[in-house]
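Below: the structure, in structure tokens.
The values are calculated or read from the model by the stated rules, or taken from the named source; none is laboratory data. Note that the coordinates shown come from a computational prediction; the quantities given were computed from them, not determined experimentally. Cβ placement follows ideal geometry from the backbone for every residue including glycine, while neighbour counts extend to all protein chains displayed.
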Amino acid sequence: MGTLDAKKMAGYCLVLGPIIALVAYFIQPGGVLGIGGTPDPTNSAEVMKVLVDNPELGIITGLLVPLGLITLISGLMYFVQSMEGGNGHAMARTGMPFVFVAVTGWSIASGFGIGISSGVGASEALAQAFFSINIPATALFGAGGILIALAASTREELNSTLSLIAAVAATVVFVTAFIIPFAPDQANTINIATGLCFIIYTIWSIIIGRGMIRG
């Protein structure tokens, strides 16, 4: 087997990672598409029921979300490193830890979701933790996403307009994380809005990834 080109591999990660995570995010039980129902996120019993009633989908999406996000991080790390010595590197480098910690939080929350879906975790505390951890993780991802997208907008070889749109989408994600704790009853509506923003960020990531694959 020949040596894999690091740049192309990172490009594939930027293409595949967000697609995997986004699809899993949308089809997870009780998620954006409402598969299995649309539970009140503040009602732990409702959240647990949806996951327990759809165990296969809950487990699969709970595994795919962190898998996709970690794949995305792998690509982003190379992308940010490639900026070294040029415009935007300092800003993008600052944003990476935010994204890393956000993905860590989402991975932990996904683990709680898997525990509920598999029947191993029957405590409502898991559902409450699932909801609570997602809030700071979302804020951190939004903050990191803003910095990395803004950094990309300063690069001549990249589409600055699309990068700025991605930065706006990340800003919306960041802001919504502050709204949900004060208006948890609006969480389902806000999740739809953030889902649309994640679609925009995914498109941006795919375009960057394709450019890296082509060399």
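Could you say whether any residue in segment 73-89 is crowded, with 22+ Cβ neighbours inside 10 Å, among the β-branched types (Val, Ile, Thr), closer than 24 Å to GLY11 by Cα and touching a residue at least 40 places away in the same chain (Cβ under 8 Å)? Yes, segment 73-89 contains at least one residue that is crowded, with 22+ Cβ neighbours inside 10 Å, among the β-branched types (Val, Ile, Thr), closer than 24 Å to GLY11 by Cα and touching a residue at least 40 places away in the same chain (Cβ under 8 Å). Scanning segment 123-131 finds no residues that are closer than 30 Å to MET83 by Cβ, in a helix (DSSP H, G or I) and aromatic (Phe, Trp, Tyr). Scan segment 146-192 for residues that are more than 22 Å from PHE26 (Cβ to Cβ) and β-branched (Val, Ile, Thr) and the total you get is 4. Which one is surrounded by the fewest Cβ atoms within 10 Å (Cβ to Cβ) among residues in segment 22-32 that are in contact (Cβ under 8 Å) with a residue 40 or more places away in the chain and assigned to a helix (DSSP H, G or I)? Out of the qualifying residues, it is VAL23. Of the residues screened, GLY58 is not one that is in a helix (DSSP H, G or I), in contact with a Cys (Cβ under 7 Å, 6 or more places away or on another chain) and farther than 18 Å from ALA137 by Cβ.
Scanning segment 138-155 turns up no residue that is buried (at least 21 other Cβ atoms within 10 Å of the Cβ), within 17 Å of ALA21 (Cβ to Cβ) and modelled with pLDDT under 90.
In this structure, PRO39 qualifies as free of Cβ contacts under 8 Å to residues at least 12 places away in the same chain and within 18 Å of THR194 (Cβ to Cβ).
Part of a helix (DSSP H, G or I) and on the phi < 0 side of the Ramachandran plot, is that true of ILE19? Considered against the rule, which asks whether it is part of a helix (DSSP H, G or I) and on the phi < 0 side of the Ramachandran plot, ILE19 comes out as yes.
Within segment 39-55, the residues that satisfy the criterion of being part of a loop (DSSP other than H, G, I, E, B) and either out of contact with any helix residue (DSSP H, G or I) (no Cβ under 6 Å at 6 or more places or on another chain) or surrounded by 19 or more Cβ atoms within 10 Å (Cβ to Cβ) (or both) are PRO39, PRO41, ASN43, ASN54. The requirement of being in contact (Cβ under 8 Å) with a residue 60 or more places away in the chain, crowded, with 22+ Cβ neighbours inside 10 Å and within 30 Å of ARG214 (Cβ to Cβ) is not satisfied by VAL99.
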